[in-house]
Structure formats: C-alpha cells, structure tokens
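Okay, so here's the structure we're looking at.
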Amino acid sequence: MPICEICSEDVASEAEMRTHLLLIHLENEMPCPFCSLSGVSYDELSLHINTAHAETPSTPSVEGSVTHRGPACTENRGKRRTVTRKEGHSGESLPPGTPSIQTLIPVAESSADASVGVCGANSRPTSHSPESCTHTKNTKERQESLEEHVALKQKRLSSPLKEKLFPCPMCSLVCRDGFILQEHVELHLQEQTINEVKGAETDEGASASSTNTGAKRYECPLCSLSFPDGLSLQEHVELHLDNGAATGAESSSSDLTLARQLHEEEEEQRKQQEAKREAEEFKKLQKQFGMDGSGGYRKQIERNMERAVSRGSMVPTEFHRKRAELMESLATGMDDGKTRTSGLMGALCDYFRREPRDTAHVWLSADTDHYSSSTGDKGWGCGYRNFQMLLSSLHKQEPYNNVLCDIPIPNIPRVQALIEEAWKQGVDPAGASHYNNRIQGTRAWVGTTEIYSLFTSLSANARVVDFHKATGQGGTHPHLFDWVKQYFSQSATRNGRLPPRVVQTSLPPIYLQHQGHSRSVVGLEQKRNGSLCLLLFDPGCPPSEMARLLEQDTAAVTTAVRRMRKFPNHLKHQQYQVLVVEGLLTPEQKQRQIANSRTFHAERIP
C-alpha cells in the first residue's frame, strides 16, 4: 500500500496517491508536519523540513532526506526541533535511488506533471504502455536536471559543524549556516508582508466606508472633535491657544498675587517675631538695669525689713522705728551717713610711710570718704555711691567747696532727682532718652555719662576718657595705668624736684567704670620693679572692712590695703571709662558744654 512521503498517510492505490498529492499538498497551503509552520510553497516547505527537522532515519538514508513513516511521524507532528547534526554525518551526500522531498516535484512543474512525477518516483508502474514510457523518460530528464540543483543545494545545506550557530531573531530556530537562516527569515518576512497587506486592505475598506458615509475629517490634536476642512480645524485650534493663553495669564496673575500675599504674611510674621524678641530683650535689660518698675531705693529697704521681720531677725517695733527714720531721711534728701567711713586717706598715708618695703612711690588723692552700698541699693547703687565719694572729696578743697558747699552729700533718691534736673537743662539728651527721662523710684544703673551730666549741671568741669580696648598681653590695659599715674603725678613734678616716696595730692579721686560695676581710684602705687597697681575704694566693701584701715594693728591694715590693690592682671574687662573733675565752669562754659553734650563723645585712648 503506497504511503505519502509528506504526511505519512496510507492510500489505497497509486491513482489515489496522485489525487492525494494534488489536493492535499499542491493546491492547498502546505503545513509543516512537525511544527506550526504553514502557508508556504512546496519548495519552501521542503527546505524547511530538511533544515529544521533533519534526523537520522531508522532506514539507511543521508542527512537532508526526510522519510517519516508510522508512529515516528505522528509523535513528531506539531513539534519544533532545532537542527543538530552529528559530526559523522556532516559530509554525507544523497545516495542514488534514495527518495527525498526535494526530488518529489520539479520546480515550476504543473500540478498534473507533479502528480505524475511523484508517482514515478515513489511507486512501481503496473504496465509498460507508451504513455508510461514517455512519462518515465520525461521524469528521468527532469530528475537529472533537478538532481544537479539538489546536489548544489544539499552541499550548501550540509555546511561543516565548525561554523558557529545562527539563532533566528524571530523564533526559537537555531541554524549552523547563515544561508539557511537567511532563507528561514525570508519566510518570516513573507508572512509578515502578507499580514500587513491584509491589514492595509482592511484599513482601506474602512476608509472607503468612511468616504462613502461623508467627507474626510480633520481631528483636533487637543480634543476629540473633528472638522470637515483644515480651515475650521485651524480656527478651532487657535481658540484652544487663546483660551490657554488667557488661562495662563490669569494663572500667572493669580500666582503673583498669591506669592505677594505669602511674602507679606511672612514679612509680617518676621516683624512680629522680631518685635517680640526685642520686647523680651528690652524687658531683660530693664530688669538688669532696674527699670522694670519693681521699685527703687525705698521699696527695696522696706521689702528687706519685712523679710527680716518674717524671719524673726527683726521685731515689729524696730521695723516701724527704722521705717520712720527712712522716711525722715528721704524727706531731707541727705544721706544718713550709716554707710560712710571717714579718715581713710590719712590712715593710708601713714601706713605707706611706716611700711616702705618694696614700694618705690605712692600717689594718693585728696581726702575722700568711703560710702558703701546699703540694703536699699545693694546690687545696683555703685554709681551713686561713687558719686558720693567724689563729691565728699570736692567738699573738702578749694575752689569746689565754695560752689558745692551748699549741696550736702545727697541720698540716692536725691541723686536721681539731680540727674533728672540735669536732663531738663538739656545735658546729654541721648542718655536721657535711654532712660525715658525718668529714673526716680527705679533701680536704674548709672555710669560715667549720667555722672557727667550731673556735674555739668552743678557747674563742675567733668571729663570722660574711654579705654575702649585692651592694649596689653592677656587683655590687660597698661595705658589705663599709665594715664592714672600721669594724672596723680602731674602736680608733684611741676617744681622739677624728685617727688617724695609718698605723695598725697589735692586731686579728687577718679571715677572708674566698666561693664557691671564701678569703683573709685584713690591712689596709685609703684613697686621697685616698676610695676603699677591701683588703690580702689569699692562700694561693695562693707564699712566694717574699710574700718580696719583705721586700726592700730599693722596686720589688719595690711590686709585691708591688700584688698584695695588692683594690678593689671586684675583688670581685664574689654572696656573701661574714667571720669575726673578738673575745675569749675563759668556760665558761658556751662552752656557751651551743655550744647556739646547733644553729640557727646568720650575721649578715646588710645
């Protein structure tokens, strides 16, 4: 029974084989029996089978011939295989008489001749009729011409295994020959071209349908509307652009307004925070300088006495007695003298004359009383107490006593009132504005500028010198010590003679101010090695300590003098100011000095 070499189907006779080949494998699209390839010509299918599904058949054959029968064909049908060849079969050729798909049908042969050729190549003739002989002759000629073509093609397909593998970029097929891969890829491209043609025909049909229903439409690129002509589309798009520009302008204007509003809000918030911070700092400064409205000298004394009563250290009767004395002192405006210590300058002069030791020279100011801070001004009254010391020295020497003798040593509330009167006369308006022109009833600190205003109003010629930066190593101020030495020694060297070792001058003490505190310089001591030290009266020193200078015990006096000494290493504040009184002012000089105080600037050294 004949078997089809292509699909391995059994047929009843040779005539049915011809019909089978014509109907199944020639006129219809030929599918590959081993994979899903279809829609190719017979030659293309033959090439595909010999390249992609070449196997060593169970019967003796060569590589490149495909003969599948029975179950082997059934098992391999629908599968794809990658061409792999054993090295032992790489050089084999097609032996004569072995049927192959390439020799079944000649190229460009008609369907009828092809069916005859197939029969002649694969079946035994039943008779020797003339037609059969002619057919055999024609078939033999065609087969000879085709065998040459097949031999060349088989030689090309049977490339050595030494070549590298060529994978198909469109499927999983792997080939060892570039020509085979090229022909295989062409099959893919032909199939793709057919699909594109079909798709184009479908699009043309749809376009023709659209043309039949109406004219060509122009779709807007910004929305889904379509228009019959380009002019309408252009006008429509311009409307889009105009609306977009208007919307953009409105959006830009809105953004600008929003940005300006946010900036204004941030600026307002910043100003509020800045104002709040300044208010807090101002409150701290007010509290630090006694301008927070917590009361002044009188209230502080009364509060301290009330605390003493609550602690049991003061009986109520004593509280009322001291309060009455306080009210009487405040009414008179005079200091009660409870914190004053007199006779100190004479005691210092005697001490340095008795105890020369390592002292080369000593210059002392005129007689000066020491005033200590009391419970009413503790912590803030040093400036007022230094003014009292300076005024006590001026009262004891000419020409100041003739002018200032009518002004007894005032208490602190009275000193505050005198400073306000000086401001009213126009002295130092900038300093007055700093205190809002009022310090009475407060614990306001005062310094050199307020004492300058006070002495100017009393017709005393005050001078302020500013040592605004350190001039020595370690933040010291050697220029300050040299200036003090020159101040005290100027009168002692006028006659050209060598000054005595201890000199008590007629000069008033020096008001010395630095950040947070002030003291009075009542003398200068020079050691044998040339070093200088200041002799200071400190308002913070209590009267009991200052009274030790008056004792006959040399050791006690030495201890008190040691506390008065201040060497350059002891004065390391960033800035110091000094105030000295150098004579009296005439009425014209006073008015001139008041006018100059509107732009008051201290003399700066260096």
Rounded to the nearest Å, the spacing of the alpha-carbon centers of the range 430-450 and the range 511-532 is 26 Å
About its Cα centre, the range 311-453 carries a charge dipole, from +1 on Lys and Arg Cβ atoms and -1 on Asp and Glu Cβ atoms, whose size in debye to the nearest 20 is 500 debye
Lys and Arg at +1, Asp and Glu at -1: neighbours of A595 with Cβ under 14 Å from its Cβ sum to +1
The pairs in K322/K378; K299/K566; K485/K590 lying past 23 Å Cα-Cα in this model are K299/K566; K485/K590
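So how strong a dipole does the range 387-486 carry about its Cα centre when Lys and Arg Cβ are +1 and Asp and Glu Cβ are -1, to the nearest 20 debye? Don't jump to the answer; show the numbers that get you there.
On the way: 8 positive and 8 negative charges, 39 e Å.
Roughly 180 debye for the range 387-486.
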Label model pair H517, R562: point-to-point distance (7 angstrom along the Cα→beta-carbon line) in nm is 1.8 nm
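Beyond 21 Å, how much of the Cα-Cα pair distribution for the range 269-368 remains, as a whole percent?
Working: 3272 of 4950 pairs.
Of all Cα-Cα pairs in the range 269-368, 66 percent lie more than 21 Å apart.
Would you kindly state how much longer the chain becomes between A324 and K378 on full extension, computed as 0.36 nm times their sequence separation minus their alpha carbon distance, in nm to one decimal?
Working: separation 54, 0.36 × 54 = 19.44 nm, distance 2.05 nm.
Length gained, A324 through K378: 17.4 nm.
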Extension length gain for F179 and R307 (0.36 nm per residue less Cα distance), in nm, is 34.3 nm
Per the 1/(1 + (r/R0)^6) rule, R0 = 30 Å and r from the Cβ atoms of N436 and S342, FRET efficiency to 0.05 is 0.20
Contour minus Cα-Cα span, I407 to R357, at 0.36 nm per residue, comes to 13.8 nm
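Please work out the FRET efficiency for the pair Q190 and S224, using the Cβ-Cβ distance as r and a Förster radius of 30 Å; give the result to the nearest 0.05.
On the way: r = 39 Å, r/R0 = 1.30.
After rounding, the FRET efficiency stands at 0.15.
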For the range 319-431, whose charge dipole is built from +1 on Lys and Arg Cβ atoms and -1 on Asp and Glu Cβ atoms, the candidate among A324, F352, A430 with its Cα farthest towards the positive end is A324
What one gets for the range 447-584 as the Kirkwood radius, inverse of mean 1/r over different Cα pairs in Å, is 16.4 Å
Expected sort for 511-522, 334-345 on mean C-beta neighbours within 10 Å, highest first, is 511-522, 334-345
Once both label points are put 7 Å beyond Cα along the C-beta direction, the Q552-K299 separation in nm becomes 5.0 nm
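All of the numbers you see were taken from the coordinates with simple rules; none came from a lab. Remember, predicted model here, so these are calculated numbers, not experimental data. Please note: Cβ atoms are built from the backbone with ideal geometry, for glycine as well, and neighbour counts cover all protein chains shown.
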